[in-house]
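The values are calculated or read from the model by the stated rules, or taken from the named source; none is laboratory data. Just so it is clear, the model here is predicted, and its values are computed rather than measured. As a convention, Cβ positions derive from the backbone with ideal geometry for all residues, glycine included, and neighbour counts pool all protein chains shown.
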Amino acid sequence: MSPDISPIVLFFASIFTSNILLANFLGMCSFISISKDMNSSNGLGMAVTAVLTITAAINWVVINYILIPFDLLYLRYIVFIVVIAATVQILEMLIDRLSPSLYMALGIFLPLITVNCAILGVSLFIEIRKYTFIQTLFYAFGAGLGWWLAIMLLSAIQKKIANAPVPAGLKGPGITLITIGFMAMAFIGFSGMLIVQ
Amino acid sequence: MEFIIAPLIISILTGILAAIISITDKIVNNYGEITISINNGKKEIKIDGGENLLTTLSSKEIYLPSACGGRGSCGACKCKVTSDVGEYLPTEIPYLTKEEMKENIRLGCQIKLKKDISIEIPDSLFNVKKYEAVVEKIVDVTHDIKEVLFNLGNEEINFTAGMYMQLCIPPYDKIKNETQRAYSISSKPSDKHHIELLIRLVPGGIATTWVHTYLKEGDKVKLIGPFGEFEATPTNSTMICVAGGSGMAPFKSMLYHMYENNINDREIWYFFGARTKKDLFYLEELAELQEKWPNFHFVPALSEPEGEEWKGESGLITDVLDRYLKTIINSGYKEGYLCGSPGMINACNNVMTANGIKLENIYYDKFA
């Protein structure tokens with residue numbers, strides 16, 4: 001049975017209070033490694049949002065029209081991965097042909113997203129939480145925007161940190177992880193506003 | 001029934017997705033016939049678009065240098081593109097300098113051909129050919145380096161000492177696609193019917209594993225080349241050559257070519273670094289050359305000679321080089337010649353520049 005939550009509420013909750021990165025800690029590897037540069041962060045954020053929304057929508061159809069009717073939910077991991085990999089391939093070809101400028105912006109990040117756990121995580125959440133198709137769309141799009149917001153914030157902070165007197169032992173990944181911890185705590189501040197699970 | 005339904009559903013689903021990918025590829029990646037104009041229309045090629053420039057040119061027997069076989073990891077397949085092919089890709093930028101980008105130099109393996117394109121390449125690349133060779137001899141010169149002699153049959157090759165060839169590695173074992181790797185030529189340019197390469201085994205390396213495990217005398221292989229601009233300058237300055245392992249190859253070719261052609265009036269110092277005695281090779285040949293050629297000095301050095309009977313130089317090759325440049329070779333106009341790993345080249349560059357050799361007078365053949 002689908003939860004009785006407005007898609008709009010889900011949308012904002014997935015950006016702020018249940019941010020896929022800062023509340024669920026999914027998609028951390030690319031978050032940490034790509035956030036050193038604002039342009040790359042922007043490209044990756046855009047790519048994650050697009051792929052996340054499209055794959056969540058396709059996986060919702062696969063869950064509800066194939067896996068549940070045939071009682072094959074236990075196969076969801078392999079099915080989701082296959083759908084994500086195929087979607088990314090098709091998307092890459094279409095964007096390259098239809099919008100070279102967008103392809104340039106997304107560039108090498110599209111194939112990288114195939115192995116981003118935030119993408120798989122959202123598909124699993126929509127199945128566990130039994131969202132409707134509209135809820136799925138709003139939730140997935142919001143989760144993508146939340147991921148995008150978080151990586152842009154981190155890259156902006158990293159730009160400032162580059163000129164800050166950071167102790168030698170904490171430079172690089174050390175200070176990045178501490179920053180992510182502070183960001184997560186700041187986002188917890190939103191948690192009283194919307195509670196969505 | 002579940003044991004039938006589950007694989008069936010998965011198979012159908014993956015089949016549908018694979019079909020969609022194939023159909024999309026056929027429709028979306030169909031760019032029709034396009035024209036590649038080379039060197040202001042000197043040569044024009046009509047091909048079907050969709051592939052990258054490097055692969056497309058090689059299918060028409062025009063070979064850009066490529067040490068990695070088009071994987072975008074060596075940065076060798078540079079060419080000037082004079083028509084609009086879009087902005088630089090993030091995969092190209094690390095291999096290009098600002099000056100090269102101002103001149104529209106691009107990486108051939110990263111340019112996807114979607115419309116007509118104009119490029120400029122050195123005329124010498126038109127002479128690059130694909131050779132069908134037969135492996136005449138394989139010799140183990142050390143525990144991990146093989147000297148492989150290829151016979152080109154009736155074909156002739158003209159190259160400058162210091163250049164390299166690309167060896168085509170056919171599919172084998174779990175390697176499903178043909179790939180190419182670049183190796184410096186160690187034979188003399190005067191031997192126009194043979195190519196000799198020194199190939200060191202890189203653990204897990206696709207090409208070197210094939211050479212060391214599968215390649216036999218009598219086998220037929222493809223070689224493409226010659227490529228490269230690493231060569232001895234026509235000056236009288238002292239040559240300071242540094243190599244390690246299979247970095248021996250271009251120097252062997254250069255030294256024997258110079259000796260053979262009486263280019264023997266300039267001073268040459270050749271520093272060859274190895275870890276232990278079992279990593280050294282061609283010692284007798286080079287010692288013999290040194291005896292016949294007063295201006296040539298060969299300095300082999302071991303970094304880990306412990307417990308071995310070794311009368312030569314000891315220490316890292318950079319330390320030995322530094323010592324010689326400060327004491328024995330401390331005067332006169334010098335040029336640096338380096339062949340080896342990027343780490344070794346950078347370290348030697350630092351030592352040479354610190355000892356007064358200008359960066360523009362240091363030439364190198366960097367392993368990709």
Criterion: at pLDDT below 90, surrounded by fewer than 15 Cβ atoms within 10 Å (Cβ to Cβ) and not β-branched (Val, Ile, Thr) - qualifying residue of B:GLY312, B:GLY332
B:GLY332
Evaluate the following for B:ILE62: is it in contact with a Gly (Cβ under 7 Å, 6 or more places away or on another chain), among the hydrophobic types (A, V, I, L, M, F, W, C) and away from chain A (no Cβ under 14 Å)?
no
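Whether any residue in region B:22-38 is within 14 Å of another protein chain (Cβ to nearest Cβ), surrounded by 14 or more Cβ atoms within 10 Å (Cβ to Cβ), outside any loop (DSSP other than H, G, I, E, B) and modelled with pLDDT of 90 or more is what I want to check.
Looking through region B:22-38, at least one residue is within 14 Å of another protein chain (Cβ to nearest Cβ), surrounded by 14 or more Cβ atoms within 10 Å (Cβ to Cβ), outside any loop (DSSP other than H, G, I, E, B) and modelled with pLDDT of 90 or more.
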Are any residues in region B:249-288 in a helix (DSSP H, G or I), of a type in the set (A, V, I, L, M, F, W, C) and either closer than 23 Å to B:ASN330 by Cα or out of contact with any strand residue (DSSP E or B) (no Cβ under 6 Å at 6 or more places or on another chain) (or both), and if so, which ones?
B:PHE251, B:MET254, B:LEU255, B:MET258, B:LEU283, B:ALA287
Name the single residue, out of those in region B:52-97 being in a loop (DSSP other than H, G, I, E, B) and among the β-branched types (Val, Ile, Thr), that is surrounded by the most Cβ atoms within 10 Å (Cβ to Cβ).
B:VAL85
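Does B:ARG106 count as closer than 30 Å to B:THR213 by Cβ and free of Cβ contacts under 8 Å to residues at least 60 places away in the same chain? Steps first, please.
Numbers: closer than 30 Å to B:THR213 by Cβ: no; free of Cβ contacts under 8 Å to residues at least 60 places away in the same chain: yes.
Criteria not met by B:ARG106.
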Selected residue (only one of B:ILE317, B:ILE345, B:ILE362, B:ILE268 is of a type outside the set (D, E, K, R), in contact (Cβ under 8 Å) with a residue 40 or more places away in the chain and surrounded by 15 or more Cβ atoms within 10 Å (Cβ to Cβ)):
B:ILE317
Please find, among B:VAL211, B:VAL242, the residue that is under 25 Å from B:THR327 (Cβ atoms) and buried (at least 20 other Cβ atoms within 10 Å of the Cβ).
B:VAL242
How many of the residues making up region B:305-355 are charged (D, E, K, R) and in a loop (DSSP other than H, G, I, E, B)?
4
Qualifying positions in region A:81-103 - within 18 Å of A:VAL61 (Cβ to Cβ), more than 8 Å from chain B (Cβ to nearest Cβ) and aliphatic (A, V, I, L, M)
A:ILE81, A:ILE84, A:ALA85, A:VAL88, A:LEU91
Sole miss for B:THR97 among (1) of a type in the set (Val, Ile, Thr); (2) closer than 27 Å to B:GLY225 by Cβ; (3) in contact (Cβ under 8 Å) with a residue 12 or more places away in the chain; (4) more than 12 Å from chain A (Cβ to nearest Cβ) is condition (3)
With respect to the numbered conditions (1) more than 9 Å from chain B (Cβ to nearest Cβ); (2) surrounded by fewer than 22 Cβ atoms within 10 Å (Cβ to Cβ); (3) of a type in the set (A, V, I, L, M); (4) touching a Leu at 6+ places or on another chain (Cβ under 8 Å), which one is the sole condition not fulfilled by A:LEU44?
(2)
Where in region B:100-194 are there strands (runs of 3 or more DSSP E), lying fully within it, with 2 or more residues that are surrounded by fewer than 17 Cβ atoms within 10 Å (Cβ to Cβ)?
B:129-140
Going through region A:1-21 in order, the residues found to be of a type in the set (A, V, I, L, M, F, W, C) and over 25 Å from A:GLY181 (Cα atoms) are A:MET1, A:ILE5, A:ILE8, A:VAL9
Does B:ILE12 fit the bill of being modelled with pLDDT of 90 or more, within 26 Å of the chain's Cα centre (by Cα) and surrounded by 11 or more Cβ atoms within 10 Å (Cβ to Cβ)?
no
